[in-house]
Structures are given as structure tokens and as C-alpha cells.
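Here is the structure we will look at.
Each reported figure results from applying straightforward, stated rules to the coordinates on display, with no laboratory input. All figures in this text were calculated on a predicted structure; none of them were measured in a lab. Quick reminder, even Gly has a Cβ in these numbers, built from the backbone with ideal geometry, and neighbours come from all protein chains shown.
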Amino acid sequence: MNKYESHVFVIPEDDANRQIAEGFVEYHEVNHLRIRVMPVAGGWANVLVTFQNEYVRTLRNFGKAHIVMLIDFDDQVEQRRARFEEEIPEDVKTRVFVIGSKYTPEALKKSMKIAFEKIGESLAGDCRADTAENWSHEQLEHNETERQRLVETVKPFLFGMGLPGQVHG
């Protein structure tokens with residue numbers, strides 16, 4: 001990944017979130033050179049600590065870096081989102097996104113009846129197509145504002161364009 005080009009780091013809370021993120025990255029139209037799934041943080045609070053300790057500096061040093069914190073909201077969407085909002089420095093807020101399942105990825109998987117990786121692929125497909133079919137699932141619909149902001153920000157460099165050997169039309 002070229003740090004001087006637009007790119008995304010994904011910080012997953014746990015292994016289930018990591019698998020969803022990996023599925024997203026593996027979607028056939030995602031430019032995998034522009035996105036990296038980082039090691040599991042081990043809990044939503046650790047995602048925030050990892051972000052503060054390792055990625056705020058990265059965002060400040062590299063204006064084309066973006067961060068997605070992929071967490072479980074554990075049915076505390078408003079409280080958890082507010083906590084993250086408080087902790088994200090103003091000067092990098094536009095390049096930081098907090099998304100995740102309303103309860104847990106396991107509840108999402110059970111409800112959608114597909115594997116974690118397939119969930120990630122379907123979410124990537126929605127992002128590429130500017131649709132919200134999968135994102136409108138009851139376990140994900142609370143992400144709508146972040147999803148729109150994320151797609152608007154990363155779609156120009158993350159999907160399609162710039163993939164070696166890919167035909168665009």
C-alpha cells in the first residue's frame with residue numbers, strides 16, 4: 001500500500017469482524033492495494049485505544065489515509081457512537097468511520113444466514129453499486145449516515161478504478 005495514495009485501514013474488534021472485513025476486501029471490484037485489514041484489537045474499547053495510540057498520528061502525517069473502526073455495538077448504538085465521537089480528534093474526523101452490527105457479527109450472520117466473508121462481500125457490492133440492500137438489514141441500518149459518508153469518501157479510489165487489468169465502462 002502506497003501511503004501517499006488514498007487508502008483505508010480497517011481496525012476490527014474481533015475475529016468475526018475481521019472475517020467480514022476480509023470478505024469486503026476480497027470483493028472482486030475492491031482495489032485490495034488500497035485497503036488493509038489490521039490485526040484484531042480484542043474488544044471495542046481496544047479498537048478505540050489502538051486508534052488513538054497508532055492511527056491518529058498516521059492520519060495527521062498522511063492526508064490520504066482513512067480509518068474504519070469495525071465494532072460490535074452490543075445494542076448500545078447511541079452510547080457507543082457518542083463515546084467514539086468524543087475520542088476522535090476534530091482534525092481527522094472526516095477520514096474516520098465507525099461501523100458495525102447492532103448487536104454482534106454472530107447475530108448478523110445468524111439472521112442473514114451466510115458466512116462472515118459473504119456478508120463482507122455483499123456489503124462491498126452495495127457500496128460499489130450505490131445501493132443499501134444489505135446495509136438496510138435490521139442489524140446494520142443504524143450505520144446509514146456513516147455508510148453514505150464512507151461510500152462518498154472511499155468509492156473513488158477503492159472500487160474499480162486503478163485495478164490492474166480491469167476494464168471500466
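Looking for whichever is more than 14 Å from the chain's Cα centre (by Cα) and either polar (S, T, N, Q) or surrounded by fewer than 19 Cβ atoms within 10 Å (Cβ to Cβ) (or both) here; the options are Glu144, Glu152, Glu138. Which one fits?
Glu138
In the stretch 92-104, is there at least one residue being free of Cβ contacts under 8 Å to residues at least 24 places away in the same chain and not in a strand (DSSP E or B)? It would help to see each step written out before you state the result.
Taking the stretch 92-104 and keeping what is free of Cβ contacts under 8 Å to residues at least 24 places away in the same chain, we get 93.
Checking the rest, the ones that are also not in a strand (DSSP E or B) come to 93.
So far as the stretch 92-104 goes, yes, one or more of its residues are free of Cβ contacts under 8 Å to residues at least 24 places away in the same chain and not in a strand (DSSP E or B).
So the check is Cβ under 6 Å with 6+ separation or different chains; which pairs have a first residue in the stretch 130-159 that's in contact (Cβ under 8 Å) with a residue 60 or more places away in the chain and part of a loop (DSSP other than H, G, I, E, B) and a second one that's surrounded by 13 or more Cβ atoms within 10 Å (Cβ to Cβ) and small (Gly, Ala, Ser)?
none
Applying the selection to the stretch 65-76, what residues are exposed (fewer than 15 other Cβ atoms within 10 Å of the Cβ) and not acidic (Asp, Glu)?
Across the stretch 65-76, the qualifying residue is only Gln76.
Pull up the stretch 3-36, narrow it to residues that are among the polar types (S, T, N, Q) and assigned to a helix (DSSP H, G or I), then point me to the one that is surrounded by the most Cβ atoms within 10 Å (Cβ to Cβ).
At the first step, the residues of the stretch 3-36 found to be among the polar types (S, T, N, Q) are 6, 17, 19, 31.
Cutting the leftovers down to assigned to a helix (DSSP H, G or I) gives us 17, 19.
Values: Asn17: 28, Gln19: 20.
Of everything passing the filter in the stretch 3-36, Asn17 is surrounded by the most Cβ atoms within 10 Å (Cβ to Cβ).
Given the conditions (1) touching a residue at least 60 places away in the same chain (Cβ under 8 Å); (2) within 24 Å of Pro105 (Cα to Cα); (3) hydrophobic (A, V, I, L, M, F, W, C), which single one is not true for Ile71?
That leaves (1) as the condition not met.
Which of the residues spanning the stretch 73-98 are closer than 13 Å to His142 by Cα, among the acidic types (Asp, Glu) and touching a helix residue (DSSP H, G or I) at 6+ places or on another chain (Cβ under 6 Å)?
Within the stretch 73-98, none qualify.
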